[in-house]
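Have a look at the structure below, then the notes.
The values are calculated or read from the model by the stated rules, or taken from the named source; none is laboratory data. No experiment lies behind these values; they were computed from the predicted model shown. Cβ: placed from backbone, ideal geometry, glycine included. Neighbour counts: every protein chain shown. In case anyone asks, the SASA skips ligands and DNA or RNA and just uses the protein heavy atoms, side chains included. Shrake-Rupley method; radii C 1.70, N 1.55, O 1.52, S 1.80 Å.
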Amino acid sequence: QVQLVESGGGLVQAGGSLRLSCAASGRTFSNYNMGWFRQAPGKEREFAASISWGSGNTYYADSVKGRFTISRDHAKNTVYLQMNSLKPEDTAVYYCAASSVSGVGTWAFDYWGQGTQVTVSS
């Protein structure tokens with residue numbers, strides 16, 4: 001059974017940093033793209049960043065480019081999202097997801113974690 005378990009969310013002041021973790025288990029993800037999405041209250045879930053588990057190629061939404069960094073650790077089967085220079089508009093539930101196809105829409109991702117709350121105060 002595939003499991004994606006996020007951790008690392010919390011409350012931080014604007015300008016601060018947080019690192020989210022996503023521990024993956026239940027299958028081999030070497031041919032998968034791993035992504036981070038976020039969903040603010042009353043808004044649709046949106047793409048933030050993705051990484052190819054095999055090649056390490058990364059892709060970012062314009063809203064987080066230059067502030068967020070996605071990475072993966074093969075040995076720990078874990079994907080990270082380092083978030084710097086956080087803004088109040090980054091407040092959302094952040095979800096980890098895994099995709100076996102190309103694409104950054106939610107439709108492309110087969111597996112999802114339960115989400116972790118990130119709150120940025122002004």
**Request:** Would you calculate the separation in nanometres between label points at Trp107 and Ser55, each defined as 7 Å from the Cα along the Cα-to-beta-carbon direction?
**Result:** 2.3 nm
**Message:** Rg/Rh for the chain to two decimals, with Rh computed the Kirkwood way over all alpha-carbon pairs.
**Reply:** 0.94
**Label-point separation in nm, Val2 to Ala75, each point 7 Å along Cα→Cβ** = 2.6 nm
**Asked** When the accessible area of the chain is split by element with a 1.4 Å probe, what percent falls to carbon and sulfur?
**Response** 45 percent
**Fill in**
Per GNM of the chain with C-alpha springs under 10 angstrom, the most fluctuating residue out of Tyr80, Tyr95, Tyr111 is Tyr111
**Asked** Solvent-accessible area per residue for the chain at a 1.4 Å probe radius, Å²?
**Response** 50 Å²
**Item:** Descending principal axes extents, segment 1-73, alpha-carbon based, whole Å
**Value:** 37, 24, 24
**Message:** Viscosity 0.692 mPa s, temperature 37 °C: what is the translational diffusion coefficient of segment 42-109 from Stokes-Einstein with a Kirkwood Rh over Cα pairs, rounded to a whole number of µm²/s?
**Reply:** 252 µm²/s
**Request:** Would you mind calculating the relative contact order of the chain from Cα pairs under 8 angstrom and at least 6 residues apart, reporting the percent as a whole number?
**Result:** 35 percent
